[in-house]
Amino acid sequence: MYVRDARNREEVWLLDRIEEMGLDDAAFRSRDYVIAIDEDSNEKAGFGRIRVHKSEGTSDVCELTGIGVLSQWRAQGVGAHVIERLVTAAGDAGFEAVYSLTPEPNYLAQFGFDAVSEGDLPAPLGDRLDAKREASEGTVVPMAVAVTRFRVPDRLREAFKHATARGDGSAGEPDTTPEDFGIDSDTATYKYDTGG
């Protein structure tokens, strides 16, 4: 199992999963996402994104959003490693803190995220919080973590090493990849290149 940057051709897959899970797709850009992949089956297990909010006169703000793990891959550290990859990317981009507006505050708390009062939220996130609360049926809690304080618990790190799909978990057609058709996506020169 590993986590990598999403590829342009995975945009439809991402949008379908986001819709199925009822996740936030505001300002969707597939290049902002990372995807967890099972290295044995090449099956996609989870995904997430960072969204950078730019505003005049204040520092940019980094938000963790759109985190999803397919049902057959849950409780195996997949989400933890998606979040770790995103927080690392945020730190590499110069952000000292990462925010999230989440209906699952206890999940993020295990990584070092703390609740943030609405009054302490950076300007762009106050508006986002209102929008997410309107779209959500449950509670949405603002949270933040300093990049240097983020930690993946050992139990989730170990579970990720041995993660396997549990049950079917799929409702529709199986995912196909270019490799299923004999196309090496790393060396193909254009969308329909068959190597011949």
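Tabulated results
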| read-out | value |
| --- | --- |
| Count of segment 87-123 residues which are under 14 Å from Arg149 (Cα atoms), hydroxyl-bearing (Ser, Thr, Tyr) and either over 14 Å from the mean Cα position of the chain (by Cα) or surrounded by fewer than 17 Cβ atoms within 10 Å (Cβ to Cβ) (or both) | 1 |
| Qualifying residue in segment 43-59 (condition: farther than 24 Å from Gly22 by Cα and outside any loop (DSSP other than H, G, I, E, B)) | no |
| Checklist (1) at pLDDT 85 or above; (2) of a type in the set (A, V, I, L, M, F, W, C); (3) exposed (fewer than 15 other Cβ atoms within 10 Å of the Cβ) applied to Ala135, failing item | (1) |
| Those residues of segment 83-140 which are closer than 22 Å to Gly46 by Cβ, of a type in the set (S, T, N, Q) and part of a loop (DSSP other than H, G, I, E, B), in sequence order | Gln110, Ser136 |
| Members of segment 141-157 that are farther than 17 Å from Leu86 by Cβ and assigned to a helix (DSSP H, G or I) | Asp154, Arg155 |
| Near pairs, Cβ below 9 angstrom, 6+ apart or cross-chain, from segment 44-58 (over 19 Å from Leu101 (Cβ atoms)) to any residue that is surrounded by fewer than 19 Cβ atoms within 10 Å (Cβ to Cβ) and β-branched (Val, Ile, Thr) | Lys44/Ile37; Ala45/Ile37 |
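The values are calculated or read from the model by the stated rules, or taken from the named source; none is laboratory data. Quick caveat, the model's predicted, so the values are computed rather than measured. Backbone-built Cβ (ideal geometry, glycine too); neighbour counts: all protein chains shown.
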